[in-house]
Amino acid sequence: MRNIPVAEVDHLDRAVLAIGTDYPHDHLLVRHEHRRAQVLYASTGVMQVETSDGSWTIPTARAVLIPPMTGHEVTMTGVSTRSLYIEPTAVPWFPARCQAVDVSALLRALILEAVDMEPRYPEHSRDAAVATLILHELKSLTPLPLDVPLPPEPRLRGLCEAFLQKPEIHDPPARWSAELNISERTLARLFRRDTGLTFSQWRQRACILHSLQHLTAGTPVTRIATLLGYDNPAAYTAAFKKLLGRPPTAYRSPDRAGLQRREP
C-alpha cells in the first residue's frame, strides 16, 4: 500500500500492515497518535520525531519504534517512509518509549516487500509468512542512541528546543543559567534529573544528532565541524564515533535500494 492514511485500513484483522509514503521536502507531520504500534523506517532522507519527553533523529535506512497511543510529530527532510503498523497484542515486548533502531538487511527487504502486499493478505499464504517473519526480526533489532531527552520544565525545555535548531558545541552553561536566572549548579542538577545526562553530555549528543541531517545531505565533514563549532574535524569525528560507534562516513545517505555506498 502506498500513500494512503492508516485509518483507511486500521480495521483490518491483520497483525501487520505496511504503508509506503512519500512526503514533500521539509514537511511537518503534526502531532498525532496511532492505535497500533508503528515501525517508522526512513527509506530516504532524515526524520525528526518529537514526543513529550524527547527528540529522535532518524537518518536514512534506520527506523524508530513508536508505541501505541504515543503522541508524536515528525519533521521530514527529503523523506520517503515505509511504515509497519502492528497490532499491540502481536508485539507485547514493544518499548514503552520511542526507540531508534538499526535495521538489518533482511528486515529492510521484508519491509520493502510488505509495502507491495495486499492489505488483507490470505492467512497461511506467502504474504502471511512475510508478516510473521517481520515480527520475528523486529525482536532482534539493535537500539541506537539517536534520541535527545527533553526536560518537562517549560523554560528549560524551550532553551533545549532552541538549541536543537542551532546547536553549538561550546555554548556555555553560564548562558543558560543567566537565561533561566539560576545557578550553574542548579542547571546541572536539572539536566541530570530530567534528562539523565550531564549538560555537556546533552549538548554533545544534540550536536552529533543534528549533524546527521548534514551528513545525509552530503555536506563535507570539515564543513559540519565548523558549523557546530568544533575546534577541528578530528574532534567532531571522535565525538561522533564515541556516541554512535561508527565514523560519520557510515551515516552518509545510502542509495535508494538501501545499500550503503562505499566511501574511500
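The values are calculated or read from the model by the stated rules, or taken from the named source; none is laboratory data. What you see is a predicted model; the values in this text were computed from it and never measured. All Cβ positions, even for glycine, are placed from backbone atoms using ideal geometry, and neighbour counts span all protein chains on display.
Six or more apart or on different chains, Cβ atoms under 7 Å: show the pairs whose first residue is in region 27-44 and over 16 Å from Ala63 (Cα atoms) and without any contact (Cβ under 8 Å) to a residue 60 or more places away in the chain and whose second is among the polar types (S, T, N, Q) and not in a strand (DSSP E or B).
Glu33/Thr70
Return the residues of region 110-126 that are in a helix (DSSP H, G or I) and exposed (fewer than 15 other Cβ atoms within 10 Å of the Cβ); say none if nothing qualifies.
Across region 110-126, the qualifying residue is only Arg126.
Taking the conditions exactly as written (surrounded by fewer than 22 Cβ atoms within 10 Å (Cβ to Cβ), touching a strand residue (DSSP E or B) at 6+ places or on another chain (Cβ under 9 Å) and in a helix (DSSP H, G or I)), does Leu135 satisfy them or not?
yes
Within region 63-79, work out how many residues are closer than 16 Å to Gln213 by Cα and either among the hydroxyl-bearing types (Ser, Thr, Tyr) or modelled with pLDDT under 95 (or both).
Residues that pass the stated criteria total 5.
Restricting to region 213-241, what's the tally of residues that are in a helix (DSSP H, G or I), of a type outside the set (Gly, Ala, Ser) and either on the phi > 0 side of the Ramachandran plot or modelled with pLDDT of 95 or more (or both)?
Adding up the residues that qualify gives 12.
Could you run through region 98-109 and say how many residues are of a type in the set (D, E, K, R) and assigned to a helix (DSSP H, G or I)?
Adding up the residues that qualify gives 1.
Go through (1) within 23 Å of Asp53 (Cα to Cα); (2) surrounded by 14 or more Cβ atoms within 10 Å (Cβ to Cβ); (3) out of contact with any Pro (no Cβ under 9 Å at 6 or more places or on another chain) for Lys166 and report which single condition fails.
(2)
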